[in-house]
Every structure is written in structure tokens, then in C-alpha cells.
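These notes concern the structure reproduced below.
Values quoted throughout were computed directly from the atomic coordinates according to the rules given, and no laboratory measurement underlies them. Predicted, not measured: the structure shown is a model, and the values here were computed from it. Every residue, glycine as well, gets a Cβ built from its backbone with ideal geometry; the counts of neighbours run over all protein chains shown.
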């Protein structure tokens, strides 16, 4: 175990013991891109319960339900999009069978597919909860300028976040050959070797 992994694990353990609940002071040493798998797993273990409670706080249907959906990767990872946050994507029952194929050239996802992306970032060595990003596949013509996806987000306190549909769509349409889906990094995708 390297120093960043050990430090993250001990900090999360100490904070969890002190509060008797999910740790609220989850820290790591180093840049988000440089953390090894064990350090990322320690951060996620430290913050995941707090994220789930925070996103559900206002009773949003997705914020309450997404943790019961299918997770798409073995751990969160930083892909560079979404402001260099760690992302962990969950797919509802309609989306999961198709999304987890990670097809590089695919037709449209089924209508009613919903993807929820937890996010957290390292700020001054501390993990901070970011928005829960949500993509919902609409009927043909439901959002023609956005590939028939609606983009939503919840703030870290569970309140609906105002976002620009065109801002999200402009980025995601860069993957129009796979129905605007930006999959998790290959090395963390479920089923990756």
C-alpha cells in the first residue's frame, strides 16, 4: 500500500469512527489523475453513503432510486469531462442491458433509459460532492437538437440544478455515433479485462 492509499484509508477510517456514520472529511494526497485504485476506492467508500443521502434529501425520484440501479464500472474514475470530477454511472433497468454493452457504434438507447452519474472532486486534498448528472432518453422528436436526450442534475443538497440543455448536448453529441454516450474509462468498465 503506497502513502496516498494509506493516508486516504486512515483519514476515512478516523472520520468514520469519530462520527459513527459516513465520513464527511474524506482526504487523499496527490492529484486526482495520479491516485491508484486503492486510494480511489478508499475515497469512494468514505463518501458514497453521504452522496446517496445528499442526492435523495429533497425526494427527487432519480436521487432516491439510482443507488438501486445497475452500476457500470468497478469504481469511480476521472475521465476529464465534467470538470475533472470522479464519476460513477448507474443505469436504470431500461438502460442497463444496452448501456453495459459499451457499443462503440450503436443505435439509439431505448426510450425511458436513465443514467445517473455520481460525482465528486478533490479540492485541496478533500473529496467534495459534486452534482448528480442525469440523462433521460426521450421519444423520437422529444429533444431533436440533443439527440433526444434530456439532461438534468441535482445539486449536492438534492435540489434540482439549473443546467443548459445545449451545453450538455453540445459535448455529448461528440459521441453521436454511439447515441451521445460517454462511457466510463475502459479500464474500469464492468466486464473489462
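Shape of segment 58-188 from its Cα gyration tensor (a ≥ b ≥ c, root eigenvalues): rounded if a/c is under 1.5, otherwise prolate when a/b > b/c, or oblate? In terms of gyration-tensor shape, rounded.
How much length, in nm to one decimal, is gained on full extension between residue 106 and residue 126, taken as 0.36 nm per residue of separation minus their Cα-Cα distance?
So the extension gain works out to 3.4 nm.
Per DSSP H run of at least 4 residues, take -39500 (n - 2.57); add these up for the chain, divide by its residues and hand me the 222 nm value, nearest 500 deg cm²/dmol. Write out the running numbers ahead of the final one.
Details: 6 runs with 58 residues, N = 193.
Here the helix-only value at 222 nm equals -8500 deg cm²/dmol.
Distance between the C-alpha centres of segment 120-162 and segment 29-65: 15 Å, rounded to the whole angstrom. A Förster radius of 22 Å combined with the Cβ-Cβ distance from residue 163 to residue 53 puts the calculated FRET efficiency at roughly 0.50.
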